[in-house]
Structure formats: structure tokens, C-alpha cells
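Down below is the structure, laid out as C-alpha cells.
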Amino acid sequence: MNLRSVLFIGLFLAVISLGGQHVSVASAAEVKIGVMNVQKVLVESVSGKAAKTLFEAKAKELKDKFQVEENALVAMQQEIEKKSSAWSAEKKESEVREYQKKGREFQAKTEDARFELKQLQDKELEPILKTMQEVVDAYGKKNGYTVILDSKIGVLYYNSVVDVSADLTKALDQAMKK
């Protein structure tokens, strides 16, 4: 079952729950739908910007750290390509093995760095996402929304009038200050 089907079923169930088993035109007219862009709210919120800055700084630090090793591997590969015809078979085999060993070590280090970045991202986003969920719940209840959907997940069209992203960004900023 794809995401669009799940969203459709969820919306259908929300509409049915409003009017019991019999959905009438009157109860369907009472349905209030809001649309938000979760990614936009995250990126434009103060806490989201701070998390992004921290993440980008760590990514740059790691990239700079690995650039020297990557350059050394490229130089080693170029040396093997240039000089291998003049080397003995034993010397060539030894250099290739050393290059492969350093390549595997480099790959393991970069995988560790990716894992570290993922953990940092999760650590920084988790409290923001938790607070955002609370903010969306409170906003939806306060403003009488039946459902608030993410515009980037399964919404093919919406009128910008129902986009509540700006209001939710402000509310998230306020909630994260506490």
C-alpha cells in the first residue's frame, strides 16, 4: 500500500468519524483541512536553522579531515599507474595491496563519519520534531482543523489559503524558547 493510499484512507476515516456512519453534505462542509510544509517549517524555524548550522559545521569539519587522506589515496593510485610498468611484479603487488588496504580503511572511516552525522542530525531534530507535533496538535485543536496534512507527502493540489506553515513556524519558535 503506497503513501497516497494511506493518506486517502486516513482522510476518509477522519471524515467518517465526524458524521458517524452517515456522511452528509452538511458534515462534509464542517471539515476544515490545513496543509503545512513540514520541511519548510523546520528550515525556517529558529531552532531548525540552528540545527542545520551545527550539522553543516560538523559535516565540513569531517570533510576537511578526510580530504587529506583522500588526496593521499589519489596520489598513491596515480603513482601506481605511472610507475607500475617499471616495478617488479612483487613491488607492484605490494603497492597495490597497500593501496587497497588504505582504501578500505578510508572507506570504514567515512562510513563511521556518516553514521556520526546521522546521529547528530537525529539528536538535533528529535526535540524539534517532538515539539512541532505538540504545536501542530495544539494549533489544530485551537483553530478547529479536522486534519492538517504535510504538503510534500501525498497532497497533489491545495489552495494556498489552507497553508498554515507560517503560523506553525511562529508557534514552533515560541514553543522552542520555553
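Please treat every number below as a calculation from the coordinates, not as lab data. For clarity, every value in this text was computed on a predicted model and none was experimentally measured. Cβ coordinates were reconstructed from backbone atoms using ideal geometry, including for glycine residues, and neighbour counts include every protein chain displayed.
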Can you find, among Gln100, Met132, Ala166, the residue farthest towards the positive end of the dipole of the stretch 73-176? Put +1 on the C-beta of Lys and Arg, -1 on that of Asp and Glu. Gln100
Cα-Cα over 23 Å: which of Lys152/Lys177; Lys52/Lys170; Lys109/Lys152; Lys60/Lys178? Lys152/Lys177; Lys109/Lys152; Lys60/Lys178
When the Debye formula is applied to the Cα atoms of the stretch 61-178, each taken as the same point scatterer, what base-10 log of I(q)/I(0) results at q = 0.11, 0.19 Å⁻¹? -0.63, -1.03
